[in-house]
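The structure appears below as structure tokens.
The values are calculated or read from the model by the stated rules, or taken from the named source; none is laboratory data. Since we're looking at a predicted model, the values are computed, not measured. Cβ atoms come from the backbone with ideal geometry, glycine included; neighbour counts cover every protein chain shown. Ligands, DNA and RNA are stripped out before the accessible areas are found, and what is left, the full protein with its side chains, is counted by its heavy atoms. Shrake-Rupley method; radii C 1.70, N 1.55, O 1.52, S 1.80 Å.
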Amino acid sequence: VSQSRYATHYTAFITRSPSNYYFQCIEPTIIVNISYEHIQAGYDKYPIFERYGRLVAEAVLQFQQKRIESFLFETAEQRYLDFIKENPDLFNRVSLSHLSSFLGIERQTLTRIRQKLAKG
């Protein structure tokens, strides 16, 4: 089953400046890389794509806002439980190191959380 996700540093993209982020694919992935100039040309030539671009930007903003708020308002355990709930097909395929990095916690902390939840 194919699923589209967007990986971007949107601010760097729209300002055409270098990003401080990098993305690492840990499974086979199809990447579509579109330059700022090509997107702008597509918007000019096909106005319906501008609406699609806005919808993509909104989806990226929602994801980023949710991620920021999870670090501000949720515990590490809640972030872990949310990840499992939102990614039931993924969490068993990701290494503990990658998962702890994504959750913003030490691997030992993740191990303790998993042990606690396993007990009950």
Item to complete: Could you identify the single residue in PHE102, PHE23 that is under 16 Å from TYR6 (Cα atoms), part of a helix (DSSP H, G or I), within 16 Å of the chain's Cα centre (by Cα) and among the aromatic types (Phe, Trp, Tyr)?
Response: PHE102
Discussion item. Residues to consider are ARG54, ARG107; find the one that is at negative phi, basic (Lys, Arg) and modelled with pLDDT of 95 or more.
Written reply: ARG107
Discussion item. Among the numbered criteria (1) farther than 20 Å from TYR10 by Cβ; (2) open to solvent by 50 Å² or more (accessible area, probe 1.4 Å); (3) assigned to a helix (DSSP H, G or I); (4) in contact (Cβ under 8 Å) with a residue 24 or more places away in the chain, which one does PHE71 miss?
Written reply: (1)
Fill in: Members of segment 87-96 found to be over 16 Å from the mean Cα position of the chain (by Cα) and either at pLDDT 95 or above or of a type in the set (A, V, I, L, M) (or both), listed by number
LEU96
Discussion item. I need every pair where a residue in segment 83-111 that is in contact (Cβ under 8 Å) with a residue 12 or more places away in the chain has its Cβ under 8 Å from the Cβ of a residue that is among the charged types (D, E, K, R) and open to solvent by 40 Å² or more (accessible area, probe 1.4 Å), sequence separation at least 6 or different chains.
Written reply: ARG93/GLU27; LEU96/ARG107
Worksheet item: What are the residues in segment 26-64 that are of a type in the set (Phe, Trp, Tyr), in a helix (DSSP H, G or I) and open to solvent by 70 Å² or more (accessible area, probe 1.4 Å), if any?
Response: PHE49, TYR52, PHE63
Response to the item:
Within segment 1-20, the residues that are at pLDDT 85 or above, of a type outside the set (Ser, Thr, Tyr) and either in a loop (DSSP other than H, G, I, E, B) or over 14 Å from VAL56 (Cα atoms) (or both) are HIS9, ALA12, ARG16, PRO18, ASN20
Worksheet item: Does GLU27 satisfy the condition of being at pLDDT 90 or above and charged (D, E, K, R)?
Response: no
